[in-house]
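Here's the structure we're looking at; comments come further down.
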Amino acid sequence: MTAGYIDLRDLPHVNGTGRKPSRPHGDPRLAAPPENTGEQKGARPITATPFVWREPAQIPARRWIYGQHFIRDFVTATIAPGGLGKSSLELVEALAIVTGRPLLGVYPNERTAVWLWNGEDPRDELDRRIAAACLHHGVTPAELEGRLFVDSGRDTEIVLAEETRNGTQIIMPVFAAMVDTIRANGIGLVIIDPFVSSHRVSENDNRSIDQVVKAWARIAGICGCCIELVHHARKTGGAEVTVEASRGAVALTDAARSARALNGMTKEEAASAGVEKPRAYFRVDNGKANLSAPPDKAAWFHLASVDLDNGRTPNAPGDNVGAVESWTWPDPLDGMTVADLDKVRAFVGTEPKWRESPQSPEWVGHAIAQVLGMDTEAKHEKSRIKSMLAVWRGSGALKVIEALDSKRNARNFVVSGDA
């Protein structure tokens, strides 16, 4: 084997407890192995391990760091189109973990150090984003000291693997340096953003990407930390981005224990929610949670604009930088009272005169709008009325019946229900 590289099969065995190896890093087991020759080549002993029962209460619990995504001892992945806000989201999540505060509505399971490595942007740009997020969420410098580590790939290059004449090779000095740095600083979460900047292999080659991701997983296991790999989605032609839409080989998401996808708000969703600038909103879907049940609903976020007040002169204005904040989909019944519902039920009545179809001039939504002072010509209000109808029909306050219209055709009508 070429000096400076390592074969993953020669890395030390790491058990599932997340504990550090008994011997410190730097021992002979982590050195590049000698060349195999003759009969020794590829002749590694393989033995089957007998299963020994362990009392369930004695098995260590999974060590989730934040929500059901970041977890110690594993690699996780986030897939998103460029420019959507994935780096800003990762940053605020890092701040939440570092401070131990629910900055995005999620309480961290533990407060630990985070290392954020960005392979594309200069350090000044990273500082702008951190400043904006801290100002927006009220995070003080004292809360970050000794817990947040930030590096730019322009200054600190991290290339864990590359292609050689012998194929894909893990670069041992980089592997060892990562282990040393993570251990020395007690880092619980490492964010590699983007993943493609951390290697020099073909991202379309499943075997090569599998080796790289498993090397990161080895680092996570040796150090007992979580390695988050941020990756770009391929072009989908406007279709929804899923975990399967990650660019290049599928080995990345296959090897990740939790993978999530980001999608921007569509025009239809914006109309339904009454949002004027949908480009500032996105949602997160957990598309692969091997160790947890997928969430029932997506989490929504908004990119708020933060003025850094760093302008030098009136002719050289300062920077406005986006900071991610949590956003809740509006409740269609927000502001509605029981009295409002009673008025709607009384106006609709029990006789079949208001149609279920929104295409009909006698659509029941027009009746609701008349009673509540709404406008069905406004897209967001029409969408809200449809949502209100769905809730009231589900509760039995309104119901659908079949009856004959004025032309003696069978139609669906909405009338007041029994509930």
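Once you treat every alpha carbon in region 271-402 as an equal point and sum by Debye, what is log10 I(q)/I(0) at q = 0.17 Å⁻¹? Rounded to two decimals, the profile gives -0.97.
If you take all other residues with their beta carbon under 13 Å from the beta carbon of SER87, and give Lys and Arg +1 and Asp and Glu -1, the sum is -4. For region 292-356, the share of accessible area belonging to carbon and sulfur comes to 50 percent (1.4 Å probe, ligands and nucleic acids excluded).
Which residues in region 65-85 place their backbone N less than 17 Å from a point set 7 Å from the Cα of THR266 along the Cα-to-Cβ direction? Residues passing the 17 Å test: 81.
The mean accessible area for residues of region 228-350, using a 1.4 Å probe and ignoring ligands and nucleic acids, is 56 Å² per residue.
Counting charges near SER197 (Lys, Arg +1; Asp, Glu -1) among other residues having Cβ under 9 Å from its Cβ returns a value of -3. FRET efficiency for the LYS214 to THR140 pair, using the beta carbon distance and R₀ = 35 Å, is estimated at 0.35.
Note on TRP300 and GLU402: with the Förster distance fixed at 45 Å, the Cβ-Cβ geometry gives a FRET efficiency of about 0.75. State, to one decimal in nm, how far the label point of ASP340 lies from the label point of ASP375, with both points 7 Å from Cα in the Cβ direction. Going by the 7 Å Cα→Cβ label model, 1.8 nm. Which of the aspartates and glutamates could be linked to LYS353 by a straight reach, that is with a Cα gap under 14 Å, when you skip same-chain ones fewer than 8 residues away? Hits, sequence-local ones excluded: GLU362, GLU402, ASP405. Length gained on full extension, ASN409 to SER357: 17.3 nm, using 0.36 nm per residue less the C-alpha separation. Considering only the other residues whose Cβ falls under 12 Å of the Cβ of LEU104, what net charge follows from Lys and Arg at +1 and Asp and Glu at -1? Net of charged neighbours comes to -2.
The residues of region 54-176 expose on average 44 square angstrom of accessible surface per residue, using a 1.4 Å probe on protein heavy atoms.
Remark: region 153-198 projects, on average over all directions, an area of 3.8 nm² (convex hull of Cα atoms).
Take the Cβ atoms of ARG234 and GLU163, set R0 to 30 Å, and the FRET efficiency comes out at 0.90. For region 357-409, the gyration tensor built on C-alpha atoms gives an oblate shape. Its axis ratio a/c (a ≥ b ≥ c) is at least 1.5, and a/b is not larger than b/c.
Of the accessible area of region 151-229, with the probe set at 1.4 angstrom, what percent is carbon plus sulfur? The C+S portion of the solvent-accessible surface of region 151-229 is 41 percent.
Highest mean first, the peptides 317-323, 176-182 sorted by other C-beta atoms within 10 Å per residue fall in the order 176-182, 317-323. Across region 245-254, rounded Karplus estimates of 3J(HN,Hα) from the backbone phi angles (6.51 cos²θ - 1.76 cosθ + 1.60, θ = phi - 60°) give 8, 5, 6, x, 5, 7, 4, 4, 6, 5 Hz, Gly and Pro being marked x. Label sites at THR49 and SER395, each approximated as a point 7 angstrom past Cα along Cα to Cβ, lie 5.6 nm apart.
Comparing mean-square fluctuations of GLU55, GLU351, GLU145 from a GNM of the chain with C-alpha springs under 10 Å, the top value falls on GLU55.
Note on GLU276 and VAL250: their simple-model spin labels are 4.4 nm apart, each label 7 Å out from Cα toward Cβ. Note on the chain: with a GNM built from Cα contacts shorter than 10 Å, the maximum mean-square fluctuation among GLY119, GLY221, GLY365 falls on GLY365.
Here's the list of aspartates and glutamates a cross-link from LYS399 could span, going by alpha-carbon distance under 14 Å and ignoring same-chain residues fewer than 8 apart: GLU351, GLU356, ASP418. The orientation-averaged projected area of the convex hull spanned by the Cα atoms of region 112-172 comes to 5.7 nm². Solvent-free Debye calculation, one equal scatterer per alpha-carbon of the chain: log10 I(q)/I(0) at 0.06, 0.12 Å⁻¹ equals -0.37, -1.01.
The values are calculated or read from the model by the stated rules, or taken from the named source; none is laboratory data. Since we're looking at a predicted model, the values are computed, not measured. Heads up, the Cβs are rebuilt from the backbone with ideal geometry, glycines too, and the neighbour counts pull from every protein chain shown. In case anyone asks, the SASA skips ligands and DNA or RNA and just uses the protein heavy atoms, side chains included. Shrake-Rupley method; radii C 1.70, N 1.55, O 1.52, S 1.80 Å.
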